[in-house]
């Protein structure tokens with residue numbers, strides 16, 4: 001025995017409306033949809049001159065300020081055609097017809113006259129000229145079932161194409177929330193409505209019967225007829241995806257990155273990674289944070305990383321150098337202008353702290369604050385963004401452990417810092433303790449930097465951070 | 001802005017501002033609403049929302065709003081011609097482009113905005129302004145206020161206290177105007193003065209006018225007093241309930257889709273990208289070490305992006321290859337200091353490393369950025 005379920009039409013939504021009209025009976029009996037609209041005598045592909053309608057206040061001339069369409073574009077009724085201005089009033093002119101734009105009668109900034117043609121539109125005669133009033137919505141339900149035909153007294157705005165889509169999917173336009181201008185129902189609204197449909201709103205037709213699968217213990221032989229019934233007929237819901245690809249010119253920030261990274265490609269990179277135990281530094285920073293706060297400066301970990309890097313660069317100056325175009329000369333830069341990668345709304349920028357070699361940790365922190373606030377406001381000057389000699393990227397504030405940073409020419413090295421994680425480690429006595437571990441990933445120019453140099457620099461940098469007191473010895 | 005709830009009566013907005021799908025309710029005639037937000041973008045978005053979604057067949061709406069400091073340019077204006085960007089940034093004043101036409105205005109909490117919504121057929125600016133004048137005169141009969149044929153309201157026949165703009169759509173229209181109660185005139189005049197030279201465009205220019213605050217005429221005229229008076233007059237003239245309904249422009253349940261409208265008004269494409277085509281043709285002097293150099297810059301800007309660019313420098317002051325790289329990079333980029341800075345600094349990475357070159361380059365770029 002199979003269970004037969006038919007949703008009766010009368011249980012399907014009953015719209016309350018102030019204006020209820022009943023079609024004459026003959027309409028109900030028809031199995032195909034009917035649409036009524038006023039037709040006018042328009043022949044195939046006729047060009048209609050769409051005149052500029054009255055603006056009000058006795059205005060006769062306006063200036064065309066923006067065209068939303070160009071010749072050859074197809075338009076639907078109510079699409080915006082152009083924006084005109086008259087005496088402090090900006091007016092959006094919308095199309096009265098569906099069709100193709102054949103001619104624009106005015107250029108930008110020209111004066112257009114009320115009552116004179118604005119654009120020529122070629123109308124597809126088979127559609128007829130859809131008037132603005134009296135468009136009656138199509139009866140969505142099919143035949144046998146008795147249904148209420150309800151027609152709203154005021155307009156359900158939708159273009160013929162949208163109405164067709166609704167009709168094909170058995171959707172009542174009155175049930176769709178229109179999100180277009182004046183509540184006009186757009187294609188997207190129909191698609192959204194479809195996506196939200198549940199089984200309860202299916203039109204009753206044989207195909208839509210949902211039959212639950214027979215339990216396995218059923219011993220009735222699987223006759224062909226039963227087989228047919230066994231297979232649950234899935235609700236055929238149209239899979240719709242109304243997303244569209246979007247192409248736009250790249251932003252200035254991306255252009256800059258293209259330039260920089262293409263140049264970086266020429267550099268043979270090698271990577272060197274390590275982990276640093278920041279347990280002591282974390283504690284130190286906690287103690288120093290309030291001191292810096294009193295002086296009006298926010299103290300993060302970066303000033304320590306930057307200063308330690310500078311101390312390391314004093315011992316390994318080749319990491320603060322630059323190779324010329326022809327790879328003939330290496331310039332050892334005297335200043336340690338350490339760049340700090342910053343993520344802003346628009347994209348990546350790398351301002352640098354100048355002359356870290358003569359700055360205290362506090363001074364570096366203060367300078368970082370300044371650069372950060374300018375950076376987020378988008379007001380960094382060229383001076384702050386040029387002249388870098390070495391870069392650190394603290395991607396760990398967002399996340400990650402090991403990375404492969406790309407060197408920013410004309411520099412020869414870069415370090416990327418992962419997030420600080422609390423991990424178990426063994427101490428000297430073989431005991432497990434909680435350590436604050438951060439991973440560092442260095443990249444260097446293998447044309448002039450060798451692995452040993454990078455490793456030694458990294459070890460020195462690491463030792464300063466793992467034992468901050470040792471920094472005191474070498475601080476200048 | 002602190003609203004005294006004893007003065008206003010909050011009402012269930014959802015039954016009134018629902019989309020016409022449900023048909024209109026019994027509040028025929030009109031509605032007075034006031035925004036609880038001082039964010040210019042949110043308030044402009046409310047105007048858009050009402051214009052797009054509300055059925056105004058048998059009613060009119062008056063929308064009252066105030067903004068924290070902002071410069072609002074008209075739909076077809078050029079912000080570079082209208083205001084001082086440096087000062088805007090410095091004072092943290094927002095820049096917005098509205099959808100109605102007209103000129104540039106400065107808003108702060110001492111300025112009231114009134115928007116009159118009607119169907120397109122009932123669009124009538126003079127009537128609205130006369131209503132405002134009537135309300136003012138009812139408050140203070142001795143006030144010398146009148147409406148000009150340019151749709152301004154003048155105080156003492158000299159000082160502009162209100163400017164007007166309007167937007168007409170297919171079926172609805174709105175007319176909005178400002179009213180100066182107690183705005184900061186110093187900031188107003190300094191921020192609305194453009195320092196940019198050599199701009200040529202067909203954008204709608206603003207007509208500067210001397211302004212005065214109503215507060216200066218009579219200190220008892222505060223924004224609240226004026227808002228109430230105008231609402232009262234509106235209610236009387238349209239025979240509607242004089243209670244003001246508060247509206248929260250961040251409430252998606254009452255105003256579905258308002259979030260998107262607010263976002264759109266803040267995009268670069270809208271605020272700057274909608275600037276009508278213009279060209280910049282200017283010379284400036286750069287002092288470098290012991291000499292002064294003349295630099296000539298020509299740019300064509302369309303949709304806020306540099307379509308064409310030319311920089312004339314004394315020969316060989318900078319490597320020509322670098323200059324042409326700069327011009328090439330700038331072409332197609334936004335006419336924007338941030339982008340130009342980023343591009344210029346990126347270019348410096350791929351040229352010979354020379355301090356002299358760097359400082360010259362930075363000088364040129366800083367000056368170019370000042371044009372934006």
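The figures follow:
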| item | result |
| --- | --- |
| Among residues of the stretch A:313-329, those that are within 12 Å of chain B (Cβ to nearest Cβ) and surrounded by fewer than 16 Cβ atoms within 10 Å (Cβ to Cβ), counted | 4 |
| Boolean, residue B:61 is crowded, with 17+ Cβ neighbours inside 10 Å, farther than 23 Å from residue B:266 by Cα and in contact with a helix residue (DSSP H, G or I) (Cβ under 8 Å, 6 or more places away or on another chain) | yes |
| Selected residue (criterion: nearest to the other protein chains (Cβ to nearest Cβ)) from residues of the stretch B:193-204 that are part of a loop (DSSP other than H, G, I, E, B) and surrounded by fewer than 19 Cβ atoms within 10 Å (Cβ to Cβ) | B:202 |
| Residue B:207 assigned to a helix (DSSP H, G or I) and out of contact with any helix residue (DSSP H, G or I) (no Cβ under 8 Å at 6 or more places or on another chain) | no |
| Looking only at the stretch A:398-414, and only at residues there that are within 14 Å of chain B (Cβ to nearest Cβ) and assigned to a loop (DSSP other than H, G, I, E, B), the one that is nearest to residue A:446 (Cα to Cα) | A:412 |
| Test: residue in the stretch B:180-189 that is under 21 Å from residue B:136 (Cα atoms) and in contact with a helix residue (DSSP H, G or I) (Cβ under 6 Å, 6 or more places away or on another chain) | yes |
| Complete set of residues in the stretch B:173-223 that are at pLDDT 90 or above and under 27 Å from residue B:51 (Cβ atoms) | B:173, B:174, B:175, B:176, B:177, B:178, B:179, B:180, B:181, B:183, B:192, B:223 |
| When residues of the stretch B:352-372 are limited to those that are part of a loop (DSSP other than H, G, I, E, B) and either within 37 Å of the chain's Cα centre (by Cα) or more than 9 Å from every other protein chain (Cβ to nearest Cβ) (or both), the one farthest from residue A:258 (Cα to Cα) | B:371 |
| Qualifying residues in the stretch A:375-397 (those that are in a helix (DSSP H, G or I) and surrounded by fewer than 17 Cβ atoms within 10 Å (Cβ to Cβ)) - the one nearest to the other protein chains (Cβ to nearest Cβ) | A:377 |
| Test: residue in the stretch A:430-443 that is farther than 30 Å from residue A:329 by Cβ and in a loop (DSSP other than H, G, I, E, B) | yes |
| Residue match in the stretch B:138-151 (condition: out of contact with any helix residue (DSSP H, G or I) (no Cβ under 6 Å at 6 or more places or on another chain), crowded, with 18+ Cβ neighbours inside 10 Å and within 14 Å of chain A (Cβ to nearest Cβ)) | no |
| Boolean, residue A:366 is assigned to a helix (DSSP H, G or I) and farther than 15 Å from residue A:301 by Cα | no |
| Any hit, the stretch B:210-217, residues being out of contact with any strand residue (DSSP E or B) (no Cβ under 7 Å at 6 or more places or on another chain) and in a loop (DSSP other than H, G, I, E, B) | no |
| Filtered residues of the stretch B:157-167 (kept if touching a residue at least 60 places away in the same chain (Cβ under 8 Å) and touching a helix residue (DSSP H, G or I) at 6+ places or on another chain (Cβ under 9 Å)) | B:164, B:166, B:167 |
| Any hit, the stretch B:246-267, residues being in contact with a strand residue (DSSP E or B) (Cβ under 6 Å, 6 or more places away or on another chain), farther than 27 Å from residue B:204 by Cβ, modelled with pLDDT of 90 or more and buried (at least 19 other Cβ atoms within 10 Å of the Cβ) | yes |
| Filter result for residue B:196 (within 30 Å of residue A:180 (Cβ to Cβ) and assigned by the TED database to the domain that holds residue B:118) | no |
| Residue in the stretch A:285-299 that is nearest to the chain's Cα centre (by Cα), counting only those that are in contact (Cβ under 8 Å) with a residue 60 or more places away in the chain and buried (at least 17 other Cβ atoms within 10 Å of the Cβ) | A:299 |
| The stretch A:444-458, residues that are surrounded by 13 or more Cβ atoms within 10 Å (Cβ to Cβ) and part of a helix (DSSP H, G or I) | A:453, A:454, A:455, A:456, A:457, A:458 |
| Which numbered condition residue B:166 fails, given (1) within 8 Å of chain A (Cβ to nearest Cβ); (2) over 21 Å from residue B:67 (Cα atoms) | (2) |
| Test: residue in the stretch A:420-442 that is on the phi < 0 side of the Ramachandran plot and within 14 Å of another protein chain (Cβ to nearest Cβ) | no |
| Yes/no for residue B:329 being within 18 Å of residue A:261 (Cα to Cα) and either surrounded by 15 or more Cβ atoms within 10 Å (Cβ to Cβ) or touching a helix residue (DSSP H, G or I) at 6+ places or on another chain (Cβ under 9 Å) (or both) | yes |
| Total residues in the stretch B:330-339, condition assigned to a helix (DSSP H, G or I), within 17 Å of residue B:280 (Cβ to Cβ) and at the interface with another protein chain (Cβ under 7 Å from one of its Cβ atoms) | 1 |
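The values are calculated or read from the model by the stated rules, or taken from the named source; none is laboratory data. Being a predicted model, the structure only gives us computed values, none of them experimental. For neighbour counting, all protein chains shown are included, and Cβ atoms are generated from backbone atoms with ideal geometry for every residue, glycine included.
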